[in-house]
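> Structure below; questions to follow.
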Amino acid sequence: MKKVLAGFALTLLASNAALAAQAHTNTGCGLGTMLFQNKADNSIVLQVLQSTTNGSTGTQTFGISSGTSDCQQPSDIVQNEKLNHFVRSNMDNLAKEIAMGKGETLDTFVEMLGVAPAQSDAYKANLQANFGKIFTSDKVVLAEVIDNVVAVSKN
Amino acid sequence: MTIGCSFLGRILYGALFPALCLLALSAPVPAAAADAGSSLKKLQEKADALDLSARRNWQILLHYKKTITGGYKSRISDPNFFLSPAGPTDPREELQATLAGFFQPPGIEGEHPICRFPARLRWLTEELQIDPSTLPLPSCQQQRKLIETVDARSAVLVFPVGHINSPASMFGHTLLRIDGSSKSSLISYAVNYAADATDVNGFIYAYKGIFGKYKGYYSLMPYYLKVKEYSDLEHRDMWEYRLKLSQEEVDRMLLHTLELERISSEYYFLDENCSFNLLFLIEAARPTLQLTDRTGTLVLPTNTIDIARESGILEEAVYRPSQGARMTQMASLLSADEQQAALELARGRRAPESVREGDHTEAARRGMLDLAAETLQLRYAGKELDHDAYSKLYLKILSERSAYGKGNEESYAIQPPPPHDVGHRATRIGAGVGVRRGEWYGEAELQPGFHSLLDPDQGYLRGAQIRYLDTALAYSPGPGRLWLKTLHLLDIVSTAPRDRFFKPYSWKIATGWDTEPMRGGRDSLIFRLNTGGGFSARTPGDGIVYAFAELDLNAGKRFRGKVAAGPGVTLGVLEQVNDRWKVQLQGGGFAYLLGDERVALKGTLAQSFRLFRNSSLSFDCAFTRVGGHGVPEAVLLAHRYF
């Protein structure tokens, strides 16, 4: 009986892992997925207790550029993990600011792309004018966003 | 004695390591080992002769504090932080062991003491004029990459203020930001110290936190993650104070930060907390500053800013408004109808193209779409709609918005509110006179922290109160009686005004001892636990009007059955009449249905006058009616904050 249970547990684990691996691809690489990253817990009890403390989990890291390996990578641009991570983490604000034609997230993005300050305004205006070509659907992921930006900038 | 140090950061991490790595491949090991042995011995003797372990620099790098018996103890207990088992209490042993550690043969990548303790290496190299060519040659690749990526040029002390609807987090937080050569600070790196706390049970959390059962860790992450955490999706404005540090001092700060990677220290919520531990990094940058020994038993983020301000290293504060503040500014530029339209856009009840219709200015069309996009983000954050619905609607709104140009860049600029620095200090004392039922008394009060509804608001959250251990003692000269008037363990009130876009609840909780009239008319000291929830709104004069439904539990020896408990209602209005004068009018009624049954009514008119940054006057009038007995009272107090 024990062996059967153990075998069952193993099968479960294996299939879970397979599912997880599948689901992992490109999840968290699009709009709305990283909006809550690092958001503090909002229950009142915890807030009362966290008052001076800022207790939180997963805090030991010196993660200077971790984590877009589970996303499809952009093709048209030199691999830049820092840029990828920035776009992934700030996708919603970046979309908003490209549509608005202004904002700190957009300024940062344009600076990271290496656009000269003198060209920055024209560059941002071009991104705004091509919003629909960059954010092609609500399922768009970071690799596509970066590739699309590069594509509309070439025109 | 010391070498000019500016060469070090560059040389050690630029030229030295790669050069030495190449050399390592061909170094004859036995000869090097013998050389190393004699160099080490000389250095150790020299360190003793110079008494380096007694120097402040060393004590800062090891986080030593003096004990009552005159010895030393490090505030860090993690054995990985020390190279000698005696290290936590013996600065000399640790220094000797550190020197010995530097001469260890290179082992696992990144694990060599030269890689793990770059700030110690740098300081000892300066003080002992260590010849780098005598040291072993670990590659420290990861660290070099990190230093290159961070590209430290300057440092900023960052203070995210509390949450508007959670006065409990009104203490805020502090972190450091290390800026590189980028123009944008979002891609700078944040140095944060936080407890690694996974418990969700509040009582376990509180117990472990207060008694140091949690481990605290330093972490380094992109600053945009911290901005997202505090400024976006939460109503937490951030203040950024650039530190007046030289390049060399910033280098030292980063090197010491690297030494603390994965090193745990006991996290004490009240004193050795996030804010306190950042002070070590500032001291490591400039060891002549004395910051960590100037803190008291309770360290608030604002204390650390005061301490840093007084030591002269803070530049003027730069304001980073929260998403809530930005939305309020956007809404202020729109008419009521346009605000309503933005709300309906964000709720998907109106098509984004509809902004083209009607009689709106171009700026208003932009404004409605901008405000709708922000509101939609908040709705999604509040789980009011699912991911698919959110991203579809979000893109539709943005797509329409992209057709309207960028508009006036300045229109969304927000006038910064007064920074914390101009606000009153957190501890308040007061003295004055009162009269209760025609009997005069003198009163002395102490409010150890933090801010009451009537204290001057400059630099604090309006409508939020958090007080702990506030105590009032009175002396009645008539009967010659000294009596405890109140002692509140905790007293929190959060009045968060609701408007079209934000629908927060207001709440309060208070517990402690109060002097109350009994049904016979005599006063008695009772223990109280009171809590309630309700709503608030802005008044036309930009004050706050509020209503709470409450539950009041009382216990005292003069109650029949020792207890009284029942529901009640409190209504009030808080108005800032002018820059200095604040008025609060409040009325409440309680029906004690359990225990000592009775009805109690209370009305108060409280006023405060701000005299200077750290002094104020208050004048409170109250009338309480219990069981047919009326008790009038008036108190005039002068307050001083320090």
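> Residues in segment B:536-564, backbone N under 18 Å from the label point at B:Glu439 (7 Å along the Cα-to-beta-carbon vector): list them, ranges by number please.
Taking a point 7 Å out along Cα→Cβ of B:Glu439, the residues of segment B:536-564 whose backbone N falls under 18 Å are B:557-559.
> Next up: If ligands, DNA and RNA are left out, what is the accessible area of B:Asp90 with a 1.4 Å probe, given in Å² to the nearest 10?
Roughly 50 Å² of B:Asp90 is accessible to a 1.4 Å probe.
> Return one quarter of the surface area of the convex hull spanned by the alpha-carbon atoms of chain B, equal to its mean projected area, in nm². Display every interim value, and only then the final one.
Numbers: hull surface 143.8 nm².
If I average the Cα hull's projected area over directions, I get 35.9 nm².
> Considering the convex hull of the alpha carbon atoms of segment B:218-367, report its projected area averaged over all viewing directions, in nm², one decimal. Intermediate values should be presented prior to the final figure.
Details: hull surface 51.7 nm².
The number I arrive at for segment B:218-367 is 12.9 nm².
> Right, something else. Please sort by residue number the chymotrypsin sites (Phe, Trp or Tyr not before Pro) in segment B:378-420 whose DSSP state is loop and whose Cβ has at most 11 other Cβ atoms within 10 Å.
none
> Label 7 Å along Cα→Cβ of B:Asp51; segment B:82-104 residues with amide nitrogen under 13 Å?
So the set is empty, nothing qualifies.
> If R₀ is 60 angstrom, what is the calculated FRET efficiency for the pair B:Gln415 and B:Leu482, using the beta carbon separation as r and rounding to 0.05?
0.75
> Another question, then. Angle check, please: helix B:323-332 long axis (alpha carbons) against the longest principal axis of chain B (alpha carbons), in degrees 0 to 90, nearest 10.
50
> So what's the projected area for segment A:75-154, the Cα convex hull averaged over all directions, in nm²? Numbers along the way, then the final one.
Values: hull surface 18.6 nm².
In nm², the orientation-averaged hull projection of segment A:75-154 is 4.6.
> Further question: For B:Phe535, list long-range residues whose amide hydrogen, built 1.01 Å from N in the peptide plane, is under 5 Å from its own amide hydrogen.
Residues meeting the amide H criterion: B:Ser506, B:Ala547.
> Mind putting together the pair-distance distribution for segment B:447-503? All Cα pairs, 5 Å bins, whole percent per bin, short to long.
In order of increasing distance, the bins hold 4, 16, 18, 16, 14, 11, 9, 6, 3, 2, 1, 0 percent.
> Okay, moving on. Distance check, please: which entries in A:Lys96/B:Lys383; A:Lys102/A:Lys154; B:Lys228/B:Lys503; B:Lys383/B:Lys406; B:Lys226/B:Lys392 exceed 24 angstrom between their Cα atoms? Please report the intermediate quantities before stating the final value.
On the way: A:Lys96/B:Lys383 19 Å; A:Lys102/A:Lys154 21 Å; B:Lys228/B:Lys503 21 Å; B:Lys383/B:Lys406 30 Å; B:Lys226/B:Lys392 27 Å.
The pairs that break the limit, which is 24 Å between Cα atoms, are B:Lys383/B:Lys406; B:Lys226/B:Lys392.
> Working out 0.36 nm times the residue gap between B:Gln247 and B:Phe642, then minus their Cα-Cα distance, what length gain in nm do you get to one decimal? Spell out each step's value before the answer.
Numbers: separation 395, 0.36 × 395 = 142.20 nm, distance 3.44 nm.
In short, 138.8 nm is gained.
> How far apart, in nm, are the 7 Å Cα→Cβ label points at B:Thr89 and B:Lys145?
Distance between label points: 4.1 nm.
> Rounded to the nearest angstrom and ordered from largest down, what semi-axes does the equivalent ellipsoid of segment B:328-440 get from its C-alpha gyration tensor (root of 5λ)?
On the way: eigenvalues 382, 69, 48 Å².
Over the Cα atoms of segment B:328-440, the semi-axes work out to 44, 19, 15 Å.
> Probe radius 1.4 Å, ligands and nucleic acids left out: which of B:Lys42, B:Lys602, A:Lys102 has the largest accessible area, and how do the rest follow?
Values: B:Lys42 140, B:Lys602 100, A:Lys102 20 Å².
Result, largest first: B:Lys42, B:Lys602, A:Lys102.
> B:Lys557 to B:Ser38: FRET efficiency via 1/(1 + (r/R0)^6), r the Cβ-Cβ distance, R0 51 Å, to the nearest 0.05?
On the way: r = 80 Å, r/R0 = 1.57.
Between B:Lys557 and B:Ser38 the formula returns 0.05.
> Just to confirm the filter: which trypsin sites (Lys or Arg not before Pro) across segment B:317-410 are DSSP coil and have at most 13 other Cβ within 10 angstrom of their Cβ?
On the way: sites: B:Arg326, B:Arg347, B:Arg349, B:Arg350, B:Arg356, B:Arg365, B:Arg366, B:Arg379, B:Lys383, B:Lys392, B:Lys396, B:Arg401, B:Lys406; in loops: B:Arg347, B:Arg349, B:Arg350, B:Lys383, B:Lys406.
Answer by residue number: B:Arg349, B:Lys383.
> Below 18 Å, Cα to Cα, which lysines can B:Lys65 reach? Residues fewer than 8 away in the same chain don't count.
Within reach: B:Lys73.
> Taking R0 as 51 Å, what's the FRET efficiency between A:Gln119 and B:Thr134 from their Cβ-Cβ distance, rounded to 0.05? If you can, show how the numbers build up before the last one.
Numbers: r = 51 Å, r/R0 = 1.00.
Rounded to the nearest 0.05, the efficiency is 0.50.
> Same structure again: Which whole number gives the average, over all residues in A:90-99, of C-beta atoms from other chains lying within 10 Å of the residue C-beta?
On the way: counts 7, 1, 10, 8, 0, 7, 10, 3, 3, 14.
Taking the mean over all residues of the peptide, I get 6.
> DSSP loop (so not H, G, I, E, B), at most 13 other Cβ within 10 Å: list which GluC sites (Glu not before Pro) in segment B:357-453 pass both filters.
Details: sites: B:Glu357, B:Glu362, B:Glu374, B:Glu384, B:Glu400, B:Glu409, B:Glu410, B:Glu439, B:Glu443, B:Glu445; in loops: B:Glu357, B:Glu384.
Passing both the DSSP loop test and the Cβ count: B:Glu357, B:Glu384.
The values are calculated or read from the model by the stated rules, or taken from the named source; none is laboratory data. From a predicted model like this one, the values you see are computed outputs, not experimental measurements. Methodologically, a virtual Cβ is constructed for each residue, glycine included, from the backbone with ideal geometry; neighbour enumeration extends over all protein chains shown. Protein only, heavy atoms only, side chains kept; ligands, DNA and RNA dropped before computing areas. Shrake-Rupley method; radii C 1.70, N 1.55, O 1.52, S 1.80 Å.
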